[in-house]
1. Note the full-extension length gain between residue 47 and residue 231 as 0.36 nm times their separation in residues minus their Cα-Cα distance, in nm to one decimal.
2. How far apart, in nm, are the 7 Å Cα→Cβ label points at residue 271 and residue 285?
3. First obtain the Kirkwood hydrodynamic radius of the range 25-112 from its Cα pairs, then insert it into the Stokes-Einstein equation at 20 °C and 1.002 mPa s, and state the resulting D in µm² per second as a whole number.
4. Taking just the alpha carbons, could you work out the radius of gyration and Dmax for the range 130-301, both in angstroms?
5. Kindly identify the range 195-236 as rounded, prolate or oblate by the Cα gyration tensor criterion: order the square roots of the eigenvalues as a ≥ b ≥ c, call it rounded if a/c is under 1.5, otherwise compare a/b with b/c, prolate if a/b is larger, else oblate.
6. Under 8 Å for C-alpha pairs, at least 6 residues apart: give me the relative contact order for the range 130-301, rounded to a whole percent.
7. Rank-order 30-42, 71-83, 196-208 by packing density, defined as the average count of other C-beta atoms within 10 Å over each peptide's residues, highest first.
8. Quick one: Cα centre-to-centre distance for the range 64-92 and the range 220-235, in angstrom?
Amino acid sequence: MDEQPDRVPENRVPGSGGSGAGLDRRAELSEFLRTRRARLKPQDVGLPSYGRHRRVPGLRREELAQLAGVSVAYYTRLEQGNGRNVSAEVLDSIARALRLTDAEHAHLMHLAKPKQQRRKPAARAQQVRPGLRQLLDSMETVPAYVAGRRSDILAWNRMAAALFGDWGRLPAQERNWARLVFLNPDYRELFVDWDRKASDMVSYLRMDAGCHPDDPRLSSLVGELSVKSEEFRRLWATHDVKEKSHGVKRMRHPLVGELALSFETFRMVDDADQSLVTYHAEPGSPSAEALRLLASWGTDAAVPLTR
């Protein structure tokens with residue numbers, strides 16, 4: 001018999017645990033496993049596809065349990081959010097059965113076996129080391145910024161302002177990549193492939209949520225974006241996760257036109273919640289010439305952002 005599809009409570013803000021309450025880790029674990037199972041078909045994992053009228057998308061729980069080498073009852077408890085006492089070995093088996101990426105595997109571990117962390121004062125803001133700020137300022141031809149928890153933009157250099165807009169004109173609360181991408185119309189124009197940027201942004205935020213499910217500011221951000229942006233709400237419900245690493249972004253700058261820039265992400269050893277992100281162009285390319293023009297114009301190239 002096919003299992004009954006899970007029912008999601010109506011009028012529930014996706015991923016939100018309520019005002020100031022943080023995210024519900026058990027619900028996050030349950031929905032993550034369910035969505036990863038739903039994307040696999042029996043033929044994807046070498047199982048016969050019996051029955052023409054499967055009532056749930058993807059693998060059934062008993063099929064996933066068979067692949068992972070655990071009992072159906074055990075896996076069902078885990079998918080219901082009860083990850084207490086589950087071993088790392090069992091999680092590894094389930095990750096292999098679900099064909100999780102490295103980032104998804106890490107996200108599963110964060111949700112099922114969260115590390116005990118001392119709570120930091122809620123009002124304490126993240127601080128960027130003076131030496132790191134000096135490094136940013138010294139990178140005169142390279143757009144660079146430091147990102148923190150919840151995709152907050154903590155520090156940036158002159159070239160980043162010229163490329164992305166004058167973040168210094170925004171209130172501190174609005175210096176956040178997720179808010180900018182989903183709520184600021186300038187960024188729909190800036191990123192040529194806005195849909196991909198938006199998808200990546202939500203995946204990064206999901207990864208952060210797995211590491212810090214008790215963060216009330218993160219819960220508040222997710223709730224706000226879910227209410228104000230239908231695109232965010234749809235993407236958040238997919239439970240996709242990704243680590244920001246490296247790649248290429250195509251942008252359409254109002255002063256210098258289109259650019260194809262490679263980005264690199266460097267996570268800080270002394271604070272894993274902070275990353276230095278840099279952008280550069282292929283030498284001799286039109287994008288390199290566009291960056292050179294932005295550098296020569298200096299602060300005049302920093303376009304004010306729509307509020």
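Every read-out reported here was derived from the displayed coordinates using simple, explicitly stated rules and does not represent laboratory data. Everything numeric in this text was worked out from a predicted model, so none of it was measured. As a convention, Cβ positions derive from the backbone with ideal geometry for all residues, glycine included, and neighbour counts pool all protein chains shown.
1. Values: separation 184, 0.36 × 184 = 66.24 nm, distance 3.46 nm.
Full extension of this stretch gives 62.8 nm more.
2. If labels sit at residue 271 and residue 285, their model points lie 3.1 nm apart.
3. On the way: Rh = 13.0 Å.
Approximately 165 µm²/s, per Stokes-Einstein.
4. 15.8, 47
5. On the way: a/c = 2.91, a/b = 1.30, b/c = 2.24.
It is oblate, given that a/c is not under 1.5 and a/b is not larger than b/c.
6. Values: 252 pairs, mean separation 42.9, N = 172.
Computed over the range 130-301, the figure is 25 percent.
7. Working: 30-42: 18.8, 71-83: 17.0, 196-208: 20.8.
With the highest mean Cβ count within 10 Å placed first, the list reads 196-208, 30-42, 71-83.
8. If we compute the Cα centre of each part, the gap is 30 Å.
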